1. Relative to the longest principal Cα axis of the chain, at what angle does helix 386-403 sit, 0 to 90 degrees, rounded to 10?
2. List the residues, sorted by chain then number, that are 5 or more residues from Leu194 or on another chain and whose placed amide H is less than 5 Å from its amide H.
3. Whole Å is fine, so just give me how far the alpha carbon centre of the range 286-320 lies from that of the range 356-396.
4. Return the sequence-ordered ³J(HN,Hα) values of the range 32-41 in whole Hz as given by the Karplus equation 6.51 cos²θ - 1.76 cosθ + 1.60 applied to θ = phi - 60°, using x for Gly and Pro.
5. Can you tell which of Ile94, His13, Gly297 lies farthest toward the positive end of the dipole of the chain, using +1 and -1 charges on the Cβ of basic and acidic side chains (Lys, Arg; Asp, Glu)?
6. Are there chymotrypsin sites (Phe, Trp or Tyr not before Pro) in the range 250-314 that DSSP puts in a loop and that have at most 11 other Cβ atoms within 10 Å, and which ones?
7. Compute the Rg to Rh ratio over the chain from the alpha carbon atoms, using the Kirkwood formula for Rh, and round to two decimal places.
8. Per DSSP H run of n ≥ 4, the term is -39500 (n - 2.57); total these for the chain, divide by its residue number, and report the mean residue ellipticity at 222 nm rounded to 500 deg cm²/dmol.
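Each reported figure results from applying straightforward, stated rules to the coordinates on display, with no laboratory input. Everything quoted here is computed from the prediction, not taken from an experiment. Glycine gets a Cβ as well: all are built from the backbone with ideal geometry, and neighbour counts include every protein chain shown.
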Amino acid sequence: MRAQFPVLHQQVHGHPLAYLDNGATTQMPLAVIEAMRAFESHDRANIHRGVHTLSQRATDAFDGARALLKRFFGAGAEHELVFTSGTTEALNTIAGGLWAGGPEHAWLREGDEIIVSGLEHHANIIPWQHAARRTGARLRILRADDEGRVHEAGLRQLLSPRTRVFAITACANATGERPPYEALLRLAAEAGALTVLDAAQVASHAVPDLAAIACDYLVFSGHKMYGPMGTGAIVGRRAALERLYPLRLGGDMVDWVSYEAAGWAPLPARLEGGTPNVGGAVGLAAAARFIDAQDRGAIDAHVHTLRAHALAGLQAIEGVRVLAPHAVQSALVSFIARDAHPHDIGTLLDERGIAVRTGHHCAQPLLDQLVQGPTTRASFAIYNTHEEVDRLIEAVAYAVKALR
Ligand code: PMP
């Protein structure tokens, strides 16, 4: 497996690289790199516009990538996939699209309520704050308890006839918490809300099945599932996507244009204005193919055992506290250590060739609530080994001692 990931074969500060920052970005296997190289070398052209052969090949590649990714997420005939540059753009497209059309089209209006879980990345908070400000809707938070969990009972209390949107992550990137999103989405959908699932942290190992969940918009990023940066998508119900006023206005997203007005093209083009990242879409589809070739369940099981190993080792270090230790189905561990700042721990780990993430992980409200500050996070992927986890544990033990 490791032979398929060229980037792993290097030394950092004289040590073999142990890349444990997969929650931020995973590495790309040769199959993905090669698929993109082949497209850029032979088929690169703009799509939809040309009658020439390369344009047709590029269009076929783009459409083929869309079809493959729809299957990957269990999309049915009622679903469509809209390419974006990642989860952030996907969430902005949704939140902005629900009000930008003006009062006569908007799904969100004054007095409406938007519920967002307390586990979210800033990308699933700030666009909703903005939407609430612009429409006069109210943003309500499904707060996590002291262990970082959210509950159905909490959502029941918040839901009302005014609830128009419910947004939640499938895995909290700052803690590893895996909320019961299936049940929560169903409750919100039954109450008449549009439902949003941030699948950024699970697309690489625990892909949600759209056919089985009450989800109007599922969003993800390619670079967190062995694919290229600057790629991602919204996979959503057609009817829900139709509600979004397009934010990327310009070429390729219109049927007709006059100097006074324009008529939108059908989905998905309507929400994909401008030249898309075709090479990226090809790479993203190759990444989904790579995951399926490995067997999704096997990847999931592997990252869980690495996490369990890391959890046991880190908890045995005096003064270390792991957040959401109960989140056994997660691919990451986030921890704090008494008298040792995460930034300093991360720096000492880097000196030993171990890459981890430190900081607020773009989830400051949740970390402010749980630990009043930043954490160190190790996150695992298919190519990580138990030996790397042993190195992590040993290096954290050393760092915590050295920093006291
Ligand atoms: N949501 C979650 C849960 C994430 O982990 C991330 C990336 N850290 C994002 C959203 C944002 O993804 P991107 O930066 O790829 O847009």
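1. Taking the Cα atoms of the chain, the angle to 386-403 is about 70 degrees.
2. Val165, Phe166
3. Comparing the Cα centres of the range 286-320 and the range 356-396, I get a distance of 13 Å.
4. The phi angles translate into 6, 4, 5, 4, 6, 4, 5, 4, 5, 7 Hz.
5. My answer, from the dipole projection, is Ile94.
6. Passing sites in the range 250-314 are Tyr259.
7. 0.99
8. Per the formula, -11000 deg cm²/dmol.
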